[in-house]
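A short write-up of the structure that comes next.
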Amino acid sequence: MDKRPLTDEQLAELRALDALTDKEINTSDIPEIGDDRWRLARKANLRKPAK
């Protein structure tokens, strides 16, 4: 993951998105995932951190 700080432009965009209600966000270009697809979902193969 990139650890560079966000630019002022990125922060402004995130704040604008945060101000929107769920109904104002257009998700028409994102296909819905039905129960048949969730059945195939897998948990990532993450390692446990060393103690």
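The values are calculated or read from the model by the stated rules, or taken from the named source; none is laboratory data. Small disclaimer: the values here were computed from a predicted structure and weren't measured. Here Cβ is always computed from backbone atoms with ideal geometry, including for glycine, and neighbour counts include all displayed protein chains. Just the protein is used for accessible areas: all its heavy atoms, side chains included, with ligands, DNA and RNA removed. Shrake-Rupley method; radii C 1.70, N 1.55, O 1.52, S 1.80 Å.
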Per residue, how large is the accessible surface of the chain? Use a 1.4 angstrom probe and give square angstrom.
122
Looking at THR21, PRO31, PRO5, which one has the Cα that reaches farthest to the positive end of the dipole of the chain (charges on Cβ: Lys, Arg +1; Asp, Glu -1)?
PRO5
³J(HN,Hα) computed for each position of the stretch 2-17 - Karplus, 6.51 cos²θ - 1.76 cosθ + 1.60, integer Hz, glycine/proline x:
6, 9, 5, x, 6, 6, 4, 5, 5, 4, 5, 5, 5, 5, 5, 5
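So how strong a dipole does the chain carry about its Cα centre when Lys and Arg Cβ are +1 and Asp and Glu Cβ are -1, to the nearest 20 debye? Don't skip to the end; give the middle numbers.
Details: 11 positive and 11 negative charges, 170 e Å.
Around 820 debye, computed over the chain.
When a/c is below 1.5 the answer is rounded, else prolate if a/b is larger than b/c, else oblate, so apply that to the chain with a ≥ b ≥ c taken from the square roots of the Cα gyration tensor eigenvalues.
oblate
Determine the calculated [θ] at 222 nm for the chain from helices alone, applying -39500 (n - 2.57) to every DSSP H run no shorter than 4 residues and normalising by the residue count; nearest 500 deg cm²/dmol.
After summing the helix terms and dividing by the residues of the chain, the value is -8500 deg cm²/dmol.
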Residue by residue through the stretch 25-31, what is 3J(HN,Hα) from phi via Karplus (6.51 cos²θ - 1.76 cosθ + 1.60, θ = phi - 60°)? Round to whole Hz and write x for glycine and proline.
7, 7, 10, 5, 8, 10, x
